[in-house]
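Engineer: Please read through the structure below; I'll follow up with questions.
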Ligand code: ADP
Ligand code: ASP
Ligand code: MG
């Protein structure tokens, strides 16, 4: 019998009622043997995720502000869940230990990770599954980079000893044994790593939507669901802000050829979205698979006469970014121009320094800088066979009164990326959606 790995996101494990739903789902299929859980998320609009509360506790301590009330809110949530689930895991003992570590000035990663740690202890007891800690199994190097192969070996060895287990998502440990977290939303990655390690037949990612929609439901009302999508298309979409699945969760599943199934904990009867190596057939007349976008990028357009004849220009330019440890998001180029697209978060206030380095080392004729740019990816294999796709997209944006700052059409012809002003992001996604989907 094959194995299914099921990861439940924050809203799916936000309180005892939600955890009850996950139990029903898990028990409905004996193949669901390895369960990965997030920290308790929002129970209603305006609620605060436990992970956010924990980060806040740490920030308060750093600023010498009282944090006890905040921590109390966290404690109360777990204690109520412990009572309502009627499990006896002495959650108070764990909370006391975390409080003591907070007092000692422990790291933000440790504090944030306790959200999933405590939830996994509670849920394991409720299901009667083993609790298997992720620290020591999910491994990072000293720089915080995941050691994928070491992790795979450690997970294989440990999970072979457990018929059924619950693991906390979002964190692992570094070479010195201290807790390290992934970036936000990282429990998706833990789930994918566990799926790879146990050779799962499917990695189920249970959340609060019935799969991936063609556009962010917070922007496009009633966006159509996507029934199947390829890993590559999804990676483009999740990288660009379709936050349903963390972008780094795709690689472990893809190399092990494990399909990912996005499902809705509140509507388990829905089939959700299936993500596999091959893109499924698109609905009749449909050209694109989905649209996603995110804000806060900077575009530096560098012009230099005869740039195309110059040797080593791009190498020197990327070298400068490398020195600052800033990843290059995109590099659309023309004959005598190169556009450098970097994220504002990674720039971290060092734009002027970098422009100065560009000036000194690249000697451009001019440089145009647009800060606060949003990038929007329109993705789908269906686009390559259709002439006029980009014209349709640009017309839709022009009709909506959007000023395009940058265009990058991937050579795979499976996506077109446009840069627009931050404030135009929502309007642009809606316009593209209306042009291609309605
Ligand atoms: P979880 O806590 O279960 O990991 P997330 O909040 O990380 O859930 O992801 C689910 C959310 O992603 C949805 O509630 C929705 O608001 C958002 N989202 C953004 N883009 C999309 C999209 N294209 N399709 C579906 N949901 C999307
Ligand atoms: N709890 C973490 C977060 O809120 C990780 C996750 O939910 O995937 O980012
Ligand atoms: Mg998530």
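Engineer: In degrees, nearest 10, range 0 to 90: what is the angle between the Cα axis of helix 50-62 and the longest Cα principal axis of the chain?
Structural biologist: 80
Engineer: Then there's this: Just the Kirkwood number for region 201-275, please: inverse of mean 1/r across all distinct Cα pairs, in Å, one decimal.
Structural biologist: 12.3
Engineer: In addition: Pairs of Cα atoms under 8 Å, at least six residues apart: use those to get the relative contact order of region 88-164, whole percent.
Structural biologist: Contact order relative to length: 22 percent.
Engineer: Can I ask one more? What is the angle, in °, between the Cα long axis of helix 16-27 and the longest principal axis of the Cα atoms in the chain? Nearest 10 is fine, range 0 to 90.
Structural biologist: Once rounded, one gets 90 degrees.
Engineer: Shifting gears a bit: Set the Förster radius R0 to 25 Å, insert the Cβ-Cβ distance between residue 227 and residue 55 as r into 1/(1 + (r/R0)^6), and round the FRET efficiency to 0.05.
Structural biologist: Calculated transfer efficiency: 0.10.
Engineer: Can you give me the orientation-averaged projected area of the convex hull built on the Cα atoms of region 1-125, in nm²?
Structural biologist: 8.0
Engineer: Still on this structure, please answer the following. May I ask for the distance between the Cα centers of region 383-438 and region 125-168, given as a whole number of Å?
Structural biologist: Using only Cα atoms, the two centres lie 42 Å from each other.
Engineer: Given a cut-off of under 8 Å on Cα pairs at least six residues apart, what relative contact order in percent is computed for region 212-291?
Structural biologist: 39
Engineer: Can you pull the percent of Cα pairs in region 275-332 with separation above 13 Å?
Structural biologist: 77
Engineer: What length, rounded to one decimal in nm, is gained on full extension from residue 183 through to residue 350, with 0.36 nm per residue of separation minus their alpha-carbon distance?
Structural biologist: 57.9 nm
Engineer: A follow-up question, please. What Rg and what Dmax come out for region 345-436 when only alpha-carbon atoms are used, in angstroms?
Structural biologist: Cα-based Rg and Dmax for region 345-436 come out at 15.9, 45 Å.
Engineer: Averaged over all directions, how much area does the convex hull of the C-alpha atoms of region 220-326 cover when projected, in nm²?
Structural biologist: Hull-based average projected area comes out at 11.3 nm².
Engineer: Same structure again: What fraction of the Cα pairs in region 249-381, stated in percent, has a spacing above 19 angstrom?
Structural biologist: More than 19 Å apart: 64 percent of the Cα pairs in region 249-381.
Engineer: Using mean Cβ contacts within 10 Å as the protection proxy, how do 417-425, 14-22 order, highest first?
Structural biologist: 417-425, 14-22
Engineer: In whole Å, what are the extents of the chain along the principal axes defined by its C-alpha atoms, from largest to smallest?
Structural biologist: Extents along the principal axes, in whole Å: 71, 54, 41.
Engineer: Still on this structure, I have one more. If I stretch the segment between residue 309 and residue 360 completely, what's the gain in nm (0.36 nm per residue apart, minus their alpha carbon distance), one decimal?
Structural biologist: Gain on extension, residue 309 to residue 360, equals 16.4 nm.
Engineer: What spacing in nm lies between the two simple spin-label points modelled at residue 72 and residue 157, each 7 Å away from Cα in the Cβ direction?
Structural biologist: Once both label points are built, they end up 4.5 nm from each other.
Engineer: Once you have the Cα-Cα distance between residue 17 and residue 83, take 0.36 nm times their residue separation minus that, and quote the gain in nm to one decimal.
Structural biologist: Using 0.36 nm per residue and subtracting the Cα-Cα distance, I get 22.6 nm.
Engineer: Take peptides 154-164, 250-260 and line them up by average Cβ neighbours within 10 Å, highest first, as a rough protection proxy.
Structural biologist: 250-260, 154-164
Engineer: Another question, if that's okay. What residues of region 384-402 lie in the reach of a label at residue 427, counting those whose backbone N is under 11 Å from a point 7 Å from the Cα along Cα→Cβ?
Structural biologist: 398-402
None of the figures in this text is laboratory data; all of them are computed from the coordinates on show. A quick note: this is a predicted structure, and the numbers were derived from the prediction, not measured. Glycine also receives a Cβ, built like all others from the backbone with ideal geometry; neighbour counts cover every protein chain displayed.
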